[in-house]
Amino acid sequence: MAGYIESWGRGIEIMMEGCKEYNIPEPLIVEEQGGLSVTFLKDIYTREYLQTLNLSERQIKGVLYAKDKGSIKNAEYQAINNVGRTVATEELQDLVQTKVLKNVGTTGRSAKYVLK
């Protein structure tokens, strides 16, 4: 009996490990009406999920643009967010460090960012 009890309560841990293995976000677990609701995110690049990563509204806008168009360049980030090159570069690099985007191409005008 001890072997069964030891495995009880590992369901959430197993789900988290599975999500990590398949490179999808951890499920959203919410207490509802005396129970738990578990939501698996098929499309991880939703506004709701991106907000859980503590991204700025400009960064979320940039990620959703990259999702829609396939990529985003620094100049496009500047245009959609009405910011300068330095701010755009810093915020895009932050998205790379948080592993939301990856940089492809070289530096300069040919550089672009795609979803990771």
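The table that follows gives values for the structure above.
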{"read-out": "Any hit, the range 79-92, residues being under 16 Å from LEU50 (Cα atoms) and hydrophobic (A, V, I, L, M, F, W, C)", "value": "yes"}
{"read-out": "Scope the range 77-116; condition more than 20 Å from the chain's Cα centre (by Cα), modelled with pLDDT under 90 and exposed (fewer than 11 other Cβ atoms within 10 Å of the Cβ); matching residues", "value": "THR106, THR107, GLY108, ARG109, SER110"}
{"read-out": "Near pairs, Cβ below 8 angstrom, 6+ apart or cross-chain, from the range 52-63 (closer than 23 Å to THR39 by Cα) to any residue that is in a helix (DSSP H, G or I) and modelled with pLDDT of 95 or more", "value": "LEU55/VAL63; LEU55/LEU95; VAL63/LEU95"}
{"read-out": "Selection status of GLN51, more than 27 Å from THR107 (Cα to Cα) and modelled with pLDDT of 90 or more", "value": "yes"}
{"read-out": "Helices (runs of 4 or more DSSP H) contained in the range 14-83 and holding at least 2 residues aliphatic (A, V, I, L, M) and within 16 Å of LYS102 (Cα to Cα)", "value": "57-69"}
{"read-out": "When residues of the range 64-76 are limited to those that are in contact (Cβ under 8 Å) with a residue 24 or more places away in the chain and farther than 17 Å from ASP43 by Cβ, the one surrounded by the fewest Cβ atoms within 10 Å (Cβ to Cβ)", "value": "ALA75"}
{"read-out": "Residue within the range 30-37 that is at pLDDT below 90, surrounded by 11 or more Cβ atoms within 10 Å (Cβ to Cβ), within 29 Å of ASN81 (Cβ to Cβ) and not aromatic (Phe, Trp, Tyr) present", "value": "no"}
{"read-out": "Residue satisfying condition, being under 27 Å from LYS116 (Cα atoms), without any contact (Cβ under 8 Å) to a residue 40 or more places away in the chain and small (Gly, Ala, Ser), within set GLY18, GLY11", "value": "GLY18"}
{"read-out": "Filter pass, GLN51 being in contact with a helix residue (DSSP H, G or I) (Cβ under 8 Å, 6 or more places away or on another chain), surrounded by 11 or more Cβ atoms within 10 Å (Cβ to Cβ), within 28 Å of GLY11 (Cα to Cα) and of a type in the set (S, T, N, Q)", "value": "yes"}
{"read-out": "Selection from the range 31-46 of residues that are charged (D, E, K, R) and in contact with a Leu (Cβ under 8 Å, 6 or more places away or on another chain)", "value": "none"}
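The values are calculated or read from the model by the stated rules, or taken from the named source; none is laboratory data. Every value quoted in this text rests on a predicted model; they were computed, and no experiment measured them. Note that each Cβ is placed from the backbone with ideal geometry, even for glycine, and that neighbours are counted across all protein chains shown.
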